Amino acid sequence: MSYDLIKSIVVLIALLVAFGVFGWRAYQSLWVNLRRGKPSPEAFGQWGERVKGVLTYVAAQGRLFRVLIPGTAHFFIFWGFLFLSLTILQAIAEGLFAFIDPHFKLPIVGELGPLALAQDFFALFVIIAVTYALYLRLVVNPERYKGSHKSQGVMVLAFIMTIMLTLLVFNGILINLGKDSIAAWRPISALFGLPFAGLDKGAQFVVGEIAYWLHLGVVLFFLTELPEGKHFHIVTSVPAVFLRDLDPPGRLPKAPEFDGKLGVSAINQFRWRQMLDFYTCTECGRCQDVCPAYASAQILSPKLLMMNLRENLTRRGAQPLIPDTISEQVLWSCTTCYACDQECPLFIQHIKPLVDMRRYLVSEGKMDAQLQEALAKLGRYGNSFGQSERNRAKWAATVQPKIKDARKEPVEYLWFVGDYASYSPSVVDLTRQTAQVFQRAGLDFGILYEGERNSGNDVRRVGEEGLFEVLVEKNIAAMSKANFKTIVTTDPHSYNTLKHEYPQMANGEWRMADSVLHYAELLDTLITSGKLKFSKKLNYTVTYHDPCYLGRYNGVYAAPRRVIEATGCKLVEMPRNGDRALCCGAGGGRIWMEEGTVKERPSEARIREAAALDGVSIFVAACPKDITMFRDAVKTTGSEARLVVKDLIELVSEAL
Amino acid sequence: MNPDIFVVVEHLRGQVSDLSYVMLAAARAAANATGGKVVAVLLGHDAEALARDLAADRVLYIEHAAFADFSSDAYQRTLENVIKEQSPRAVLFGDTTMGGDVAAWLSTHLNLPLVSACRTLRADAGALKFVSQICGGKMMAEGDLPGPTALVMMVPGGYKPDQGHAAQPPELVRGTAPALDDLRVTVKEYIEPAVGDVDVSKEQVLVAIGRGIQNQDNVELAEELAKALGGVVAGSRPVIDQGWLAPTRLVGKSGKAVKAKLYLALGISGAPEHTEAIGDSEMIVAINTDPAAPIFDLAKFGAQVDILDLMPVLAEKVQQAKGLA
Amino acid sequence: MNLIVPIKMVPDLVEELVIDASGAQLDPEALRLKLNELDEHAIEQAILLKEKGAGQVTIVAPDLPDIDDALFTAAAKGADRLIKLTGNWGNGVNNHALARVMANFIKTLRPELILTGVQAHNDLDGALGPQLAEHLGMAYVGYISGVTLANGHVRARKEFPGGLIAETQVQLPAVLGIQAAEKPPRYVPISKVRATIKTAQIETFPAAELETAGAPLVVRLFQPEAGARATMLEGDVDAVATRLVEIFKEHGVL
């Protein structure tokens, strides 16, 4: 038997084995496991948007550039992979049909000059990118890789490097042997062939064949290993981005009807689309880097959450989900700030599965005493302070003229005040200032007085879905009696749920409002339309903190900044601003829970970040919980002399 | 009609409770109005000596082995007879773990009216009036003491225990207990509180924390303040129930009574079950964000600031003051 | 075994307590009722015993405003039977009247162990438990913070001052006044309570005629004198702390 015949047979067998193993493993993970999951209607619809998404986020590698250099490296590895997949195809064909022609070339693909040039250069870029990646992984070893499978990562980089080098050597030797008709188009390959040019033809042939077998072997081995680890994302990334959840981030899906069990306590209770996420995680750790819970106590890492869920899924839930795969402590640490979901290049959703598991913990009463008490107070009094709902509007008693009761007379703007703005002694002054500013602007507004309850945003995110439903019902009942056009609120959490979740909960039967505004948006409009005029220019140098539920969740970044500039203040941005803003740590019900051991509170880290800005004397916030957290942090970091925390309304008030 | 006022003395392990002396003082006030005698009823086993400083005109001592421990059954059966025979104007019990087991049962059994949570008894135009405190100490209820025989459960605070101590031992009369075999309620063993920890009843400076401490982590702030002041941390019931402090630190009805030189009540509302145990302290300072908290009725000084903010600042200032001294 | 838990509603102290025009009662308009906190502990203790295999838990309550929520929550925690006694309750009656009515009904349930809160903050005529015990001819022990069932009797941990506990043997049938359940009352998710409202049944029975004799008549309700109140220190944390250090020095503690 000739060598070429053996080659063809071996390649055929290798192909069958490799594809067989790969196929079997992929089938088990994607088909068998995913089928155990619940339906995912959110993965479908809006096809145009989805195609656009694939182009922006996969083809153009959109979010990867948020971390610039590694992102660029990956861009080249990705595109290199696409381009060079044709060379792999060519290599397979060459081996498979070796018994016909030892230098079998695929039509077009195998003989196109410009394509060959592109492939040569991409191979070089990939080598450079992989070298950088190896340097990053082995030398720099950044924090975000902590917990990721290091040896797996290095091994795959080694595979890619080998594939590239063997390809170039193989091509180079072909050029040396004069067997390449388009050798002029492969300068890089020619370069790689040079070291072997001195050997005799026989030896070069052997080296070439070794390079070939090594190339094919590593490719096929890599293929079989693909479904076993983070590199499965090579297969799952396109469907993951294509089928991503297009619901607004601030809307959680409605919980299934109560059937005796609540939330997720076993892996097959997740939706299949969530399971696809678990397989898509590349362990890149970008989410971990921006997670405030990870920074403060290293208990929760969104990346490790995904990896653990994948582990459990692969083992078919052999271990109970909670507490063996994921501890209760991890689940309670999340502030739902959305930094992880925002950062993930493949749109993996970390918060939704976490809330699903929290729903289970709540149903079992597995929470700390402080949270239990807060929920009991919310359930009974509709606020987390445990104060009578009759006192909800006590803050308004001293406001003259008396604020309209929206339950009794029609108003243009319904001001949904919120818990902290109504009850917290350190915030009520700001609420009164807001009322005065609204009055100065001649706004026709009213409040619900005792009819208002906690909006429920964080109650839902803590996992008490039933209580959320009750609060929504009560608020909708109060609002449906009122007559108004627009809702305005000073609380971004309330803003988020009123805008995105209340219409969903009301089943679209009742048209709630024309729009829901955060007061920064309203102030912005009032200023630009001239209804609010400033009498002086404040010359403060300030910095602005983007609240999570206003910024990341709802994209409102510009309006508050315009308001600040309109007051005459000079705005200096913190390094982490806009959608990179660091959460204050109060969200997701964290403000109702025991703190536990902390290395550094996110609120304190944030204040230090602001204090490091030269000349900045005022830290501006636009959320009552932010005000509470940051004023505390100024005290605990001893920064009273350095920074003052002010609400946006205070600047506006002063400038009037 | 028997104008006498009876007091059921409470004692545990050889010690008469402070509340018993308070009740004797109250009984004296009532007896002065009715023109009757104060009779202390003492049920015990080899316990005559306990009668020696009771400020009563007469002590009715009933001896029985069953009285070595407190059994609701034994007390019910014995006192039932005493009251039926004597029909005094009033019988005072402690509103406590002992009196609570007995008084209400007797009220139903003997069809006699009962007033509980009573702080004071006073005379008003020949009639006896009671004042009780209810609703967590936020409400006082006053009325005529029903007759001809009324049962009264008393709480501390209306009288000083000193007023119930006698210089001379009172007259002792012996009574007989009914048959007390076949008791349905018997004490099998005692479980002592943890030893080796501090005894808050002997401490001079106490930093007491209540619900306002919010969670376990903040207890540390109180520890630091206590250390700076040279005292120890104590707590009210909610704090002990949550496990944030050892039961030995409980100050209150089910815990210890304290006589501190300085009692700093932080985030404590001042419910009677707690305040009844701190009244003997020289100076009480209360910090609570609720201006209507009943603790402010007992405290000499108060403030409405946040205790979580105050504790570290105060600890530092105390340390500074000590550093300079 | 039949575990019975009689419960009652008391004024919610979060709301302002307003004395009505007569000066001798709380204004019912301002009043809001909530489940007696120690009855919550009694319910929890009963459920804990049920979970150890003790038997059925029956909750018995007077038909007062907002009682349904307390009953359904108890059912969501695991109570088996919910019973409401209807009658002329007004906004609440004294414990003598309540005890008579409850005892009358409870004896039809063949009770073996009755757990109820050892007291309620609005008790003015003694607690409910001992009176129930007398009507039913049962033994009573109060201030209990631990219950263990044995054959024909219970071992109850009775609290004494100073943290001392007396492990007391009580013959069944008996009534225990609960001070604290062995574990803090559990949390029930609202979804479960709402689902329970759909599935659980509250049985109603007419209460016997109310006889209120035995309790004192209140002639006057008043708030504690403001005269003896503390001298309030003004200012922020810093000012208060400074003043306190001075006070401590003057008092001889520093």
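The values are calculated or read from the model by the stated rules, or taken from the named source; none is laboratory data. Everything numeric in this text was worked out from a predicted model, so none of it was measured. Cβ coordinates were reconstructed from backbone atoms using ideal geometry, including for glycine residues, and neighbour counts include every protein chain displayed.
Brief remarks follow.
- Selection of strands (runs of 3 or more DSSP E) fully inside region B:109-209 by the criterion of at least 3 residues being aliphatic (A, V, I, L, M) and more than 14 Å from C:Pro216 (Cβ to Cβ) returns B:185-191, B:205-209.
- Contacts under 8 angstrom Cβ, first residue in region B:49-73 being within 14 Å of another protein chain (Cβ to nearest Cβ) and farther than 28 Å from B:Arg28 by Cβ, partner assigned to a helix (DSSP H, G or I) and not charged (D, E, K, R), 6 or more apart: B:Ala66/B:Ala74
- Residue within region B:237-246 that is within 28 Å of B:Ala321 (Cα to Cα) and either crowded, with 21+ Cβ neighbours inside 10 Å or out of contact with any Cys (no Cβ under 7 Å at 6 or more places or on another chain) (or both) present: no
- The one condition from (1) within 17 Å of C:Leu176 (Cβ to Cβ); (2) in contact with a Ser or Thr (Cβ under 7 Å, 6 or more places away or on another chain) that C:Thr86 does not meet is (1).
- Boolean, C:Ile7 is within 26 Å of C:Leu115 (Cβ to Cβ) and either modelled with pLDDT under 95 or assigned by TED's automatic domain parsing to the domain that holds C:Ala133 (or both): yes
- Scope region A:528-580; condition under 18 Å from the mean Cα position of the chain (by Cα) and crowded, with 23+ Cβ neighbours inside 10 Å; matching residues: A:Asp546, A:Pro547, A:Cys548, A:Tyr549, A:Leu550, A:Gly551, A:Arg552, A:Tyr553
- When B:Lys227 is tested against (1) touching a helix residue (DSSP H, G or I) at 6+ places or on another chain (Cβ under 6 Å); (2) under 29 Å from B:Met283 (Cβ atoms); (3) more than 12 Å from every other protein chain (Cβ to nearest Cβ), only condition (1) is not met.
- For region A:474-502, filtered to residues that are of a type in the set (D, E, K, R) and either surrounded by 19 or more Cβ atoms within 10 Å (Cβ to Cβ) or within 19 Å of A:Pro253 (Cα to Cα) (or both), the residue that is modelled with the highest pLDDT is A:Asp491.
- Helices (runs of 4 or more DSSP H) wholly inside region B:259-325 that include at least 2 residues being under 15 Å from B:Glu224 (Cα atoms) and not assigned by TED's automatic domain parsing to the domain that holds B:Ser20: B:307-324
- Residues satisfying the stated conditions in region B:21-67, i.e. aromatic (Phe, Trp, Tyr) and surrounded by fewer than 21 Cβ atoms within 10 Å (Cβ to Cβ): B:Tyr61
- Set C:Thr212, C:Thr196: member being among the hydroxyl-bearing types (Ser, Thr, Tyr) and over 30 Å from A:Lys366 (Cβ atoms): C:Thr212
- A:Lys646 passes every criterion in (1) within 14 Å of chain B (Cβ to nearest Cβ); (2) modelled with pLDDT of 95 or more apart from (1).
- 3 or more residues more than 11 Å from every other protein chain (Cβ to nearest Cβ): qualifying helices (runs of 4 or more DSSP H) within region A:300-398: A:302-314, A:328-332, A:339-343, A:351-363
- Region A:495-553, residues that are part of a loop (DSSP other than H, G, I, E, B), aromatic (Phe, Trp, Tyr) and out of contact with any strand residue (DSSP E or B) (no Cβ under 7 Å at 6 or more places or on another chain): A:Trp510, A:Phe534, A:Tyr549, A:Tyr553
- Flag if C:Ala208 is more than 30 Å from A:Glu640 (Cα to Cα), away from chain A (no Cβ under 14 Å) and either surrounded by fewer than 18 Cβ atoms within 10 Å (Cβ to Cβ) or among the basic types (Lys, Arg) (or both): yes
- Scanning region B:78-85 finds no residues that are at the interface with another protein chain (Cβ under 10 Å from one of its Cβ atoms) and touching a residue at least 12 places away in the same chain (Cβ under 8 Å).
- Test result for A:Gln349, over 30 Å from the mean Cα position of the chain (by Cα) and not acidic (Asp, Glu): no
- Residue match in region C:12-31 (condition: in contact with an Asp or Glu (Cβ under 9 Å, 6 or more places away or on another chain), outside any loop (DSSP other than H, G, I, E, B) and closer than 26 Å to C:Asn104 by Cβ): no
- Considering the conditions (1) in contact with a Lys or Arg (Cβ under 9 Å, 6 or more places away or on another chain); (2) touching a residue at least 24 places away in the same chain (Cβ under 8 Å), C:Pro216 is excluded by exactly one of them, (1).
- Flag for C:Leu254 being at pLDDT below 90 and within 7 Å of another protein chain (Cβ to nearest Cβ): yes
- Yes/no for A:Lys481 being more than 14 Å from every other protein chain (Cβ to nearest Cβ) and either of a type in the set (Asp, Glu) or out of contact with any Asp or Glu (no Cβ under 7 Å at 6 or more places or on another chain) (or both): yes
- Strands (runs of 3 or more DSSP E) enclosed by region C:102-181 - at least 3 residues per element that are touching a Leu at 6+ places or on another chain (Cβ under 8 Å), surrounded by 24 or more Cβ atoms within 10 Å (Cβ to Cβ) and in the same structural domain as C:Gln45 (by TED's automatic domain parsing): C:113-117, C:139-149, C:174-178
- Single residue of region A:349-371 satisfying the filter (modelled with pLDDT under 95 and polar (S, T, N, Q)) that is surrounded by the most Cβ atoms within 10 Å (Cβ to Cβ): A:Ser363
- Hey, C:Ala174 of a type in the set (A, V, I, L, M, F, W, C) and either within 14 Å of chain A (Cβ to nearest Cβ) or free of Cβ contacts under 8 Å to residues at least 24 places away in the same chain (or both) or not: no
- Selection count where residues are surrounded by fewer than 24 Cβ atoms within 10 Å (Cβ to Cβ) and either over 20 Å from A:Thr336 (Cα atoms) or at pLDDT 95 or above (or both), scope region A:290-303: 0
The rows are residues; the columns are (1) surrounded by 16 or more Cβ atoms within 10 Å (Cβ to Cβ); (2) of a type in the set (Lys, Arg); (3) within 14 Å of chain C (Cβ to nearest Cβ).
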{"position": "B:Pro156", "(1), (2), (3)": "yes, no, yes"}
{"position": "B:Val173", "(1), (2), (3)": "no, no, no"}
{"position": "B:Asp182", "(1), (2), (3)": "no, no, yes"}
{"position": "B:Pro193", "(1), (2), (3)": "yes, no, yes"}
{"position": "B:Ile209", "(1), (2), (3)": "yes, no, no"}
{"position": "B:Ile213", "(1), (2), (3)": "yes, no, no"}
{"position": "B:Gly231", "(1), (2), (3)": "yes, no, yes"}
{"position": "B:Gly235", "(1), (2), (3)": "yes, no, yes"}
{"position": "B:Leu262", "(1), (2), (3)": "yes, no, yes"}
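- Test: residue in region B:114-125 that is in contact with a Phe, Trp or Tyr (Cβ under 6 Å, 6 or more places away or on another chain), within 7 Å of another protein chain (Cβ to nearest Cβ) and either more than 28 Å from C:Glu16 (Cα to Cα) or surrounded by fewer than 21 Cβ atoms within 10 Å (Cβ to Cβ) (or both): no
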